[in-house]
Amino acid sequence: MEQDSNSEDDSVGPAEDDAQPPFPHGLSDSEALEVLWQVRTQRRQAEPDLPDTVTCLTTPEGSIVYLVGTAHFSDSSKKDVATTIRAVQPDVVVVELCQYRVSMLKMDEKTLLKEAKDINLEKVQQAIKQNGVMSGLMQILLLKVSAHITEQLGMAPGGEFREAFKEAGKVPFCKFHLGDRPIPVTFKRAIAALSLWQKARLAWGLCFLSDPISKEDVEKCKQKDLLEQTMSEMIGEFPALHRTIVAERDIYLTHTLRQAARCVEAPPNAEKVPAVVVGVVGMGHVPGIERNWDKELNIHEIMSVAPPSRFAWVVRNVLKGAMWGLLGYTCFRASKGVGRALLSLPTVQSFLENIQKPSV
């Protein structure tokens with residue numbers, strides 16, 4: 001669920017003003033740690049001037065969470081993330097990713113652009129093996145949507161998360177956490193929550209998505225009022241889908257952010273002090289995290305995946321039977337065709353004539 005990292009992206013070095021100060025000779029390890037801690041404290045702005053997309057949340061212990069609401073295909077969101085991390089010098093950075101999507105942190109924009117567009121049979125098989133037939137196919141359809149947006153904008157998703165990973169590596173003592181619920185759980189719960197008719201309608205809509213998308217449309221996703229209006233329209237269409245993909249993940253992200261905001265130990269005496277956290281999430285999750293911030297949360301409830309219903313089991317096996325039947329019939333027809341082709345060969349006909357002649 002969580003992953004710590006203090007490493008930097010090798011392709012991007014720290015800015016000149018972010019370079020670590022030279023240490024006096026002869027410092028012990030504990031003294032060096034204390035110097036680094038002081039350097040970060042000096043860089044941390046007491047009253048930072050942050051973008052409008054940042055929401056500030058606090059804990060009873062005095063920890064502060066700076067929640068950066070982003071649009072996933074936005075250059076300005078990357079700037080908002082970098083500005084916030086540099087200003088507040090956090091103890092922890094939490095991003096809306098899980099271990100199944102962590103690879104996008106290390107891939108460059110060109111590779112991600114290619115991956116998003118290249119949906120092949122191997123990807124389909126891998127998604128089905130990892131998530132099951134229905135969830136895997138839904139994942140592939142969502143990849144198709146991502147590829148559509150990528151092609152329209154010429155920009156790969158996740159730039160704000162890569163920016164957060166890079167900037168976190170420049171902050172002394174900063175940990176990097178993956179804060180999202182594992183994607184297989186989300187897909188399985190989403191599919192289980194939909195009726196067969198809703199699954200068909202959703203798949204149809206995703207398959208034939210072709211509306212043009214501009215960078216201006218993406219930037220509008222950072223406006224809370226407009227985004228909540230869009231969410232309301234989606235709730236009317238697929239309320240169960242909104243609950244599993246948005247509302248439940250709001251709860252999970254809230255839980256992860258609160259865990260990250262626990263007090264940290266300050267050198268040299270390991271004194272417990274309030275933490276500073278930067279959370280990087282899609283703007284659509286910000287209202288839900290705010291609503292859940294002071295509530296008691298039940299994480300186990302949203303992590304369980306119910307077994308498939310009897311009806312779903314019957315449908316799945318009927319589909320499997322139909323696929324195997326079609327494959328068998330195809331092989332049968334192909335074998336008949338091959339047989340006829342062989343029988344038409346002069347060599348085969350001569351051989352058959354010879355074995356049919358009565359022996360003398």
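The values are calculated or read from the model by the stated rules, or taken from the named source; none is laboratory data. None of the values given here were measured: they were computed from a predicted structure. Cβ sites come from the backbone with ideal geometry, for glycine too, and all protein chains shown count toward neighbours. SASA here: full protein model, heavy atoms, side chains in, ligands and nucleic acids out. Shrake-Rupley method; radii C 1.70, N 1.55, O 1.52, S 1.80 Å.
Scan the range 277-306 for residues that are of a type outside the set (Val, Ile, Thr) and in contact with a Phe, Trp or Tyr (Cβ under 9 Å, 6 or more places away or on another chain) and jot them down.
Correct list: Gly279, Leu297, Met303.
Filter the range 252-289 for residues that are farther than 30 Å from Ser28 by Cα, open to solvent by 10 Å² or more (accessible area, probe 1.4 Å) and touching an Asp or Glu at 6+ places or on another chain (Cβ under 9 Å) and give the result.
Gln259, Gly284, His285, Pro287
Could you check how many residues of the range 46-61 are open to solvent by less than 40 Å² (accessible area, probe 1.4 Å) and within 17 Å of Val273 (Cα to Cα)?
Adding up the residues that qualify gives 2.
If a residue has to be under 20 Å from the mean Cα position of the chain (by Cα), buried (at least 21 other Cβ atoms within 10 Å of the Cβ) and not in a strand (DSSP E or B) to count, how many in the range 73-94 make the cut?
5
Would you mind telling me which numbered condition in (1) within 25 Å of the chain's Cα centre (by Cα); (2) open to solvent by 40 Å² or more (accessible area, probe 1.4 Å); (3) modelled with pLDDT under 95 Ala334 fails?
Exception for Ala334: condition (1).
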